[in-house]
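Bear in mind these aren't lab numbers, they're just calculated from the coordinates by the rules spelled out. These numbers come from a predicted model, not from an experiment.
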Amino acid sequence: MKKTTIPEKILKEIIALAQTSQSTGAIRKYSATITKDGIVAIDNGIEGWMNGEDLLWLLNTAKEMDHIVEVGSWKGRSTYALLSGCKGTVYAIDHFLGSATERESYQAEVKTRDIYKDFMKNVGSFKNLQVLKMDNAEAVKQFEDNSIDMVFIDAGHTYEEVLNDIKQWLPKVKKIICGHDLDNEQVEKAVREIFSNKFEISKGDIWIKRIC
Ligand SMILES: C[S@@+](CC[C@H](N)C(=O)[O-])C[C@H]1O[C@@H](n2cnc3c(N)ncnc32)[C@H](O)[C@@H]1O
């Protein structure tokens, strides 16, 4: 893996910044992200829940993919990494209304902000972006089976939602299906059940199932 060479003084400043990442309500606002290997990961200051390890994995994996579907984009933190890595189209699927069981907690901002507007401001200039502003159940119908290299799932986090999302998207995938928040009990239960414990875990918090 190629490391970014950064002068020690700047690196110290970045580490200090990363350590001041605030926890504002339930939303972690990373002001800078840094991995255990000392690599500064791109996030372009976009708020969200992905840490540096997660973003770096998405960026590097996206470089090997011709097209990617992301289910759950919010303000575009993970989308930015995928768009930066992938040479082909990244389809971002989100109704931008917040997840059904998280609108009152982690994603309460939907009540006072236009999250879609934030998303477009953050990543709308990428030429390889295709936004499907709709419910995931609608969007999935637009894709042929075995037509997408990679699907990244980060929408609802209940056991039922994750199980359903994986079941819906699995037939569409050629290379990798993966998702965020394996540290969430319900996510883990769904992933373990569907893949019979045969999946990988990134250095961050992403579960990964390679199809080929
Ligand atoms: C945890 S956030 C995604 C975070 C994002 N990946 C990041 O890096 O910050 C979950 C997103 O999924 C969207 N979502 C949840 N259920 C959905 C559904 N059934 N259809 C479309 N979008 C959905 C929500 O609107 C929300 O923006």
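Based on alpha-carbon atoms, the Kirkwood radius and the radius of gyration of the stretch 50-210 give Rg/Rh equal to 0.93. Evaluating 6.51 cos²θ - 1.76 cosθ + 1.60 at θ = phi - 60° for every residue in the stretch 191-197, the Karplus couplings come out as 5, 5, 5, 6, 9, 6, 6 Hz, glycine and proline recorded as x. As a quick test, which of the pairs Lys117/Lys174; Lys63/Lys127; Lys75/Lys127; Lys75/Lys174 have an alpha carbon distance above 23 angstrom in this structure? Check vs 23 Å cut-off fails for Lys117/Lys174; Lys75/Lys174. For the stretch 103-118, putting each phi into the Karplus relation 6.51 cos²θ - 1.76 cosθ + 1.60 with θ = phi - 60° gives couplings of 5, 9, 10, 4, 10, 4, 4, 4, 6, 10, 10, 8, 5, 4, 4, 4 Hz, in residue order, rounded to whole numbers and with x for Gly and Pro.
By its C-alpha gyration tensor, with a ≥ b ≥ c as the square roots of the eigenvalues, how is the stretch 95-176 shaped: rounded for a/c under 1.5, else prolate for a/b larger than b/c, else oblate? Oblate shape, in that a/c is at least 1.5 and b/c is the bigger or equal ratio.
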